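Here is the structure we will look at, set down as structure tokens.
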Amino acid sequence: MEPSAKERLVALFEQWAGQKVEMLSELPASGSDRQYYRITGKTTNVLGAINRDVKENRAFIEFSQFFRSKSLKVPEIYAVDGDMDCYILEDLGNTTLFDWLSTARREKEIPAPIIDFYKQSIEQLIQFQLSGQKLDFSLCHPRSKFDKQSMMWDLHYFKYYFLKLAQISFDEQLLEDDFNRLADYLLQTDTSYFLYRDFQSRNIMVVNDQPAFIDYQGGRQGALQYDLASLLYDAKADLPQALREELLNHYILLITQKIKIDELKFRELFKGYVLIRIMQAMGAYGFRGFYEKKEHFLKSIPYALENLKHLLPGSWLRDKFPTLHAALQEIVGNERLLQISAAPVLTVTINSFSYKRGVPIDFNGNGGGFVFDCRAVHNPGRYEAYKTKTGKDPEVIAFFEKEPDMHDFLDGVYNLVDQSVAKYLDRDFKHLMVNFGCTGGQHRSVYCAERLARHLKNKYQISIRLKHVEQEMRG
């Protein structure tokens, strides 16, 4: 019997590293069919990837090597199986820009370090776009250029998997005419740059306080505006409009120092690229959510609707693409879609605390809930470098990402809490409390509380109250 791809991945690691696999942990699935594993040997920690799409693998591997040669922070490829369906690559950790943003923001307020990180990412984006002009675009998959045909694929994806499944009314021929006009309109600019294709907060990693980048295997030639639109109008990142304008201005300031552009034309077409990017994303939400019944994709729809509202005012869209404009107007006012963002029926209160002060009291009258003791997990507070940090700081997050005990601990927490949340939702209960305690209420408990909040936010339509008791008492 032929060895499976997973068996060949293990063999590839052992041949490359010269050591046995001690732990093989599959990472959660994302929106693709690729499988990723965290592989731990005696002295080596890497990622392993399995993907049956050989052409996509070849694009990712070749692009990675090219961009590393241009000093861009992308994963190093260590070893590739002869069948090209599995490979070993550098592990950049678990902390994405989206994770950091979700953890650190308070309502609409974005902390200054994250804004600076966005600006660093934009500087790196420009390097991708300009240095990538010298790529071998014959490697691109599935198409070498974001041309009219590529645009029509995205627009039809939106039509069939969002408009039709959401039961939005439209005249098919008139909408098709608008799609053709929109593609022609967007192609009024230089499309010779590298287009990353999915340049958004979940594909930007936080590594030693610097941005690193993944998932560019769908890259191709295209316009500068597309990737910037992807980053600034990333649905669940939900950036304030004023910050989007600030970052757009920052991009234009930087790009005009590198190449000559018509700024007024750039800004005009930028709105069009924001529109097609939002529609492409909504097609994905419809396919994964309405069609494949994956609920967490539906939760991005309300954010996409808010993004659309920024584009609908004014005459440019209505005058140029009237049927498309009418369909989009119906989307943002559609009651069924608005129900997705209806007020949740369950509130989960998540606390971190110090055992020195005792377990927080449940003021909802339910007598308390889960209490998880984090003190068996390796404590970064024992080391001088982390003593002034908390479980929300990137340095501490990076520390815990390398701790197998923390991963095992949280996997158990997720399984237990998920079971209760699902039952509480089914029985229409209103409150659940989850407490994480450690010695000082600073590192382990804070990290666990933040991670559970993110896990539940991405999986369920519930309200989450997150409180770090000890940290708030310290001011």
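The values are calculated or read from the model by the stated rules, or taken from the named source; none is laboratory data. All of these numbers come straight from a predicted model, not from anything done at the bench. Note: ideal-geometry Cβ built from the backbone for every residue, glycine included; neighbour counts use all protein chains shown. Quick note on the areas: whole protein, heavy atoms, side chains included, nothing else; ligands and nucleic acids left out. Shrake-Rupley method; radii C 1.70, N 1.55, O 1.52, S 1.80 Å.
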Spelling it out for Y78: with amide H atoms placed in the peptide plane at 1.01 Å from N, the residues 5 or more places away or on another chain with amide H under 5 Å from its amide H are I88, L89, E90
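The chain: longest stretch without exposed GluC sites (Glu not before Pro) (DSSP loop, at most 15 other Cβ within 10 Å), sites themselves excluded? Could the numbers behind the result be given before it?
Values: sites that count: E22, E76, E107, E292.
Looking at the chain, 108-291 is the longest stretch - no exposed GluC sites (Glu not before Pro) with at most 15 other Cβ atoms within 10 Å.
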Once phi for every residue in region 64-78 is put through the Karplus expression 6.51 cos²θ - 1.76 cosθ + 1.60 (θ = phi - 60°), the whole-Hz ³J(HN,Hα) values, with Gly and Pro written as x, are 4, 5, 5, 5, 5, 5, 9, 6, 8, 7, 10, x, 7, 8, 8
Unpartnered Cys in the chain, judged by a 4.7 Å Cβ-Cβ cut-off, are C86, C140, C448
Cα-based Rg then Dmax for region 1-85, in Å, read 13.2, 43
Listed by chain and number, the residues whose amide H is under 5 Å from that of I464, excluding neighbours fewer than 5 places away on the same chain and using placed H, are V348
Rounded to two decimals, the Debye log10 I(q)/I(0) of region 191-299 (Cα scatterers, no solvent) at q = 0.19 Å⁻¹ is -1.13
Between F436 and residues 5 or more places away or on another chain, the pairs with built amide H atoms under 5 Å apart involve N351, S352, F353, F372
In degrees rounded to 10, the 0-90 angle between helix 5-17 Cα long axis and the longest Cα principal axis of the chain is 70
With Cα coordinates, the longest principal axis of the chain makes an angle with the long axis of helix 148-158, in degrees rounded to 10, of 50
At q = 0.11, 0.18 1/Å the base-10 log of I(q)/I(0) from the Debye formula over the alpha-carbon atoms of region 1-151 is -0.56, -1.21
With a 1.4 angstrom probe the carbon and sulfur portion of accessible area for the chain, in percent, totals 49
Long-range alpha-carbon pairs in region 285-438, meaning those over 26 Å apart, account in percent for 53
A chain fully extended from I115 to Y414 at 0.36 nm per residue, minus the present Cα-Cα distance, gains in nm 104.6 nm
Taking Cα atoms only, helix 444-459 is inclined relative to the longest principal axis of the chain by an angle, in degrees rounded to 10, of 40
Hull surface over four for the Cα convex hull of the chain, reported in nm², is 24.9
Scalar couplings 3J(HN,Hα) for region 345-354 by Karplus 6.51 cos²θ - 1.76 cosθ + 1.60 (θ = phi - 60°), nearest whole Hz, x for Gly and Pro, are 9, 10, 10, 10, 9, 10, 10, 9, 8, 9
Exposed-loop cut sites defined as chymotrypsin sites (Phe, Trp or Tyr not before Pro) in DSSP loop states with at most 13 other Cβ within 10 angstrom; longest site-free run of the chain spans 1-362
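How big is the Rg/Rh ratio for region 215-272, C-alpha atoms only, Rh by Kirkwood, two decimals?
Details: Rg = 12.1 Å, Rh = 12.5 Å.
Using only Cα positions, Rg/Rh for region 215-272 is 0.97.
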Loop-resident trypsin sites (Lys or Arg not before Pro) in region 124-186 with no more than 16 other Cβ atoms inside 10 Å, DSSP not H/G/I/E/B, are R143, K164
Cα-Cα longer than 32 Å, checked against K356/K430; K260/K320; K145/K236; K6/K430; K299/K467, kept in input order, equals K6/K430
With label points set 7 Å from each Cα along the Cα-to-Cβ direction at R465 and W16, the distance between them in nm comes to 4.8
Along region 224-230, Karplus-curve 3J(HN,Hα) (6.51, -1.76, 1.60; θ = phi - 60°) to the nearest Hz, with x for Gly and Pro, reads 4, 5, 4, 5, 5, 4, 4
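How much area per residue is accessible in the chain when the probe is 1.4 Å and only protein heavy atoms are counted (Å²)? Provide the component values of the computation, followed by the final result.
Details: 21550 Å² over 475 residues.
On a per-residue basis, the chain sits at 45 Å².
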Those trypsin sites (Lys or Arg not before Pro) from region 407-452 that are DSSP loop and have at most 13 other Cβ neighbours within 10 Å turn out to be R427, K430
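Which loop trypsin sites (Lys or Arg not before Pro) in region 207-286, with loop taken from DSSP, have no more than 15 other Cβ atoms within 10 angstrom of their Cβ? Mind dumping the intermediate values first?
Values: sites: R220, K236, R244, K258, K260, K265, R267, K271, R277; in loops: K236, K258, K260.
Answer by residue number: K258, K260.
Give me the Kirkwood hydrodynamic radius of region 111-214 in Å, from all C-alpha pairs, to one decimal place?
About 16.5 Å for region 111-214.
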